[in-house]
Amino acid sequence: MPTIACPQCGQEVRVFLIESRYEGPLRCAQCKGLFRVTIEGSKLKEWQPMTEEELKAAQEVEALKAKFRRTPKED
């Protein structure tokens, strides 16, 4: 399980990755900072601060994508 340092406070954050690359939101348990991150392997490659509104919008988009992936096609 890789750990990365929070870009805001430096606290180590454990990340549980299913794949070797992750791109999405990450919240620090220590300072509650919210970031959009790119993690490759166990290294933080890129990060940007993220607002609660941006997180909510991203979650809504992902929910819609999941809904359409599950919808069976009719012929």
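The values are calculated or read from the model by the stated rules, or taken from the named source; none is laboratory data. This structure is a prediction, so every number in the text was calculated from the model and none was measured. Don't worry about glycine lacking a Cβ; one is built from the backbone with ideal geometry, like all the others, and counts go over all protein chains shown.
Values for this structure:
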| read-out | value |
| --- | --- |
| The range 37-56 - residue that is crowded, with 16+ Cβ neighbours inside 10 Å, modelled with pLDDT of 90 or more and under 11 Å from PRO7 (Cα atoms) and, of those, nearest to the chain's Cα centre (by Cα) | VAL37 |
| First in the range 44-71 and on the phi < 0 side of the Ramachandran plot, second anywhere and modelled with pLDDT under 90 and part of a strand (DSSP E or B), Cβ under 7 Å, 6 or more apart | LEU44/ILE4; LYS45/ILE39 |
| Qualifying residue in the range 39-54 (condition: touching a helix residue (DSSP H, G or I) at 6+ places or on another chain (Cβ under 8 Å) and assigned to a strand (DSSP E or B)) | no |
| Pairs, first part of a loop (DSSP other than H, G, I, E, B) in the range 14-28, second charged (D, E, K, R) and surrounded by 10 or more Cβ atoms within 10 Å (Cβ to Cβ), C-beta under 9 Å, six or more apart | SER20/GLU40 |
| Search result, residues across the range 1-19 that are aliphatic (A, V, I, L, M) and in contact with a strand residue (DSSP E or B) (Cβ under 8 Å, 6 or more places away or on another chain) | MET1, ILE4, ALA5, VAL13, VAL15, LEU17 |
